[in-house]
Structures are given as C-alpha cells and as structure tokens.
Amino acid sequence: MKLKSPYLVKPHTSVRLARLSASDTGHLKTEKAADAILARHRGQLDKLQEVFYAGQQKALLIVLQGMDTAGKDGTIRHIFSGVNPQGCNVTAFKVPTPLEARHDFLWRAHAAVPPKGMIGIFNRSHYEDVLSPRVHKLISGKVVKRRFDDINGFEDMLADNGVVILKFFLHISHEEQTQRLQSRIDTPDKHWKLSEGDFHERQFWPQYTEAYEAILSSTSRKHAPWFVIPSDHKWYRNVAISQIILDTMQGLKLKYPDPTFDPSQIKL
C-alpha cells in the first residue's frame, strides 16, 4: 500500500530536523477550518474502525514519539475520541520495570502489539531504548546500531503477520516547547503534568535531535514508515495525523465478514 504524504520519511534517506518545518500548516490557515476537517475525519474513522474490528483481517499499530510537550497525549485524545474504546488500546512506555529490564528490550513492546481487529497506540515505544540510553551514553554506538537492526527485523515480522504500522514523530521547535512548559508553570491546573525530568532533559535538546535523526533515517521502511509531523500548531498536527490514518484504513479495502448463518431464515 502506497501512502502519499509530504511528511513521509522515505526509506534510506538522511533526515535533518532543522531543515523540516515544525510550524507548517499546509493549505490550512485557521484553527476553525482544521477543527471542521478533524470532526469529519473522526466520523470517518469511527465507521472504518467498526469494519476493522468486525473483520479482524489486520491490526493497526500507531507509534507516537516526540520531545517532551510535543503532544502525544493530545493527539490520542483529539483523534480517537470518537472511536469505540473496545477496539482501541493505548500503551504508555516509561522507564522499564525491573522485570522488563531483565528481558530483551523488545519484550514489553511485543506483548503490547494489537491483535487483528484492534488499533494499538504506543505513547512512546520501543524506540525509547535507542533514545535516552544513547543520549546519556548508557549504550555504545555499536549497541545502538544492533538495536536498529533488531527493530527493523521486529517490525518486518509484525508486517508479515498482518500488522499495519504507522510511526509519527511530533516535530516541535525548541521555542514552542519553551512556551508550552511556561504555560504549564503559569497554570495551576496543569502543574500535575510537570516533572523535574522535563526541565533536566531540555539541556540535551541537541543530543535528542541527533538521536531522533538517526532513528528516522535508520528505521523508516515501506512496511513501517515514519512521518515527521509539524506540531507547533496542535490543530494542524491533529489533522495531518488523522489524514494519514484515514488514508491508510481506506486503503485496506475493509469489509464486514460473511455471516456464519443465513439471517433471512430467522423468524422472530
């Protein structure tokens, strides 16, 4: 299935995030126009998800990655608010538990992969294990490369078994992150979102940028593509991502399963 998007990272291309706009809004000029499109997308996704759930022909795995405050939670809330929760699971990946740390780094991710008929959303993902450890020099460059190979093999195997994979990097500027963090500081109701780690990790912005560029360049494949989504404007981020998901699900040519009996013969 071919996906056309200006934000697609073509396989085996070198990514430089500084060359990619974080504030692009495509052909949309206002939030009001974007909200109308997003509402339409949600309605279409709701109908497609019902057929997807009923047919159980494929699974859909959506990976969301980005710097702190990039909007992973907001993306999930705004795009999937109309989807039947019975057919959608969200998994948040944090620091590995002691049990998870005793397994291979893909173990916890594989356990959360959605079965056929389900949409699975990874809020952060297996890519965390080639991100923070690299930035903080907890693993060597040799280990990073080996993990890239492991991830490509893992996603290749998932695709061979009917899992459709879409990976989104929510691209925000350093200036936008500054404003979002300040907004949280200034708003008492948002203090629960703050953590000391958010502020500590800001000093490593260049290193995280470099690490993400390596991820995007090394692991975008035809069967598991990355999309670099401009995310300084939340309203455009939601439209851009929902459009790609919608195009993907429409391209699957979904259909309801045949009934297991002839309903016309039933008399009540």
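Some values worked out for this structure:
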| quantity | calculated |
| --- | --- |
| Filtered residues of segment 148-168 (kept if part of a helix (DSSP H, G or I) and either touching a Lys or Arg at 6+ places or on another chain (Cβ under 9 Å) or farther than 22 Å from residue 111 by Cβ (or both)) | 152, 155, 156, 159 |
| 3 or more residues of a type in the set (A, V, I, L, M), closer than 30 Å to residue 136 by Cβ and within 19 Å of the chain's Cα centre (by Cα): qualifying helices (runs of 4 or more DSSP H) within segment 176-268 | 205-219 |
| Count - residues of segment 48-82 that are more than 13 Å from the chain's Cα centre (by Cα) and in contact (Cβ under 8 Å) with a residue 60 or more places away in the chain | 14 |
| Residue that is nearest to residue 48 (Cα to Cα) [pool: residues in segment 83-133 that are touching a residue at least 24 places away in the same chain (Cβ under 8 Å) and β-branched (Val, Ile, Thr)] | 83 |
| Test: residue in segment 211-220 that is surrounded by 13 or more Cβ atoms within 10 Å (Cβ to Cβ), touching a strand residue (DSSP E or B) at 6+ places or on another chain (Cβ under 6 Å) and either small (Gly, Ala, Ser) or more than 17 Å from residue 76 (Cα to Cα) (or both) | yes |
| Residue list for segment 89-106, restricted to those being closer than 20 Å to residue 159 by Cβ, outside any loop (DSSP other than H, G, I, E, B) and touching a helix residue (DSSP H, G or I) at 6+ places or on another chain (Cβ under 7 Å) | 91 |
| Qualifying residue in segment 27-48 (condition: surrounded by 15 or more Cβ atoms within 10 Å (Cβ to Cβ) and not in a helix (DSSP H, G or I)) | yes |
| Filter pass, residue 163 being among the β-branched types (Val, Ile, Thr), in contact (Cβ under 8 Å) with a residue 60 or more places away in the chain and either touching a strand residue (DSSP E or B) at 6+ places or on another chain (Cβ under 9 Å) or over 30 Å from residue 24 (Cα atoms) (or both) | yes |
| Any chance residue 232 is exposed (fewer than 15 other Cβ atoms within 10 Å of the Cβ) and more than 30 Å from residue 146 (Cβ to Cβ) | no |
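We did not get these values from a lab; they are worked out from the coordinates using the rules stated. None of the values given here were measured: they were computed from a predicted structure. With ideal geometry, Cβ positions are generated from the backbone for all residues, glycine too; neighbour counts draw on all protein chains shown.
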